[in-house]
Amino acid sequence: MIIRKYGIELRRLTRSDIYLIREMRNRTEIRSKMHAQQYITHEMQRNWFDSIDNMFNYFFLIIFHGRKVGLVQAKDVDFRSRTCESGIYLWDKNALAQGVSVKASVAFADAIFYIILIKSGRSKVRVDNLVAHRHNLSLGYLDVGPAAPEFMYLDRERFLALAPRLRRVCSRGMDLEPTTIADAEFPNI
């Protein structure tokens, strides 16, 4: 699956991408922001991909100006409760400076709410990762509270209330429509 929106492309992760992901995820500046901070080996990466390559996990490469610049995800999708855990990270500083994290997050949040029909999502953010915390707040996430200080929560209604403003920012007022199936391509079907 490929989603195109706001000048970026979100392309479903394939086995051929996992070594790039491993290389970027093992960078000190990325790894230090993650909950699991151990060095990831080739075998660990292969096992990880085998565990997420299914209908309950949606991991997408973020492509900007033809370059792979990050990863966005909705994992552990529960189709009964319509919930998931979401996350994003960018390893390209130029893409980060150009607002790609916001564009990817808005396009992907729309997709999980409109295409996968998720009702709510949670995001696990390290307490010391203030950039990620502020990013999630800008999307409408709320802190769960002191009992679970690293979890933030976003429900569909809250996101959709903020989405028109976010879409306006992402598209410079040119594309105010949500990401839907019309923005997706299914090349392997």
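The values are calculated or read from the model by the stated rules, or taken from the named source; none is laboratory data. Quantities reported herein were computed from a predicted structural model and do not represent experimental measurements. All Cβ positions, glycine included, derive from the backbone under ideal geometry; neighbour counts span all protein chains shown. With ligands, DNA and RNA removed, areas are computed over all heavy atoms of the protein, side chains included. Shrake-Rupley method; radii C 1.70, N 1.55, O 1.52, S 1.80 Å.
Over the range 78-175, the fraction of Cα-Cα pairs per 5 Å bin, rounded to whole percents and listed from the shortest bin up, is 3, 12, 23, 25, 20, 12, 4, 1, 0. Counting only protein heavy atoms and a probe of 1.4 Å, the accessible surface of the range 1-152 is 55% carbon and sulfur.
Picking from T41, N54, V127, whose Cα lies most toward the positive end of the charge dipole for the chain (charges on Cβ: Lys, Arg +1; Asp, Glu -1)? About the Cα centre, the residue reaching furthest to the positive side is V127. Across the range 21-88, the fraction of Cα-Cα pairs farther apart than 18 Å, rounded to a whole number, is 47%.
Among the protein heavy atoms, those of L142 account for about 80 Å² of accessible surface (1.4 Å probe, every chain in place).
Using a 1.4 angstrom probe, figure out how much accessible area the chain has per residue, in square angstrom, rounded to the nearest whole.
Details: 10010 Å² over 189 residues.
For the chain, the per-residue accessible area is 53 Å².
Taken over the range 1-135, the convex hull of the Cα atoms encloses 109 Å³ per residue.
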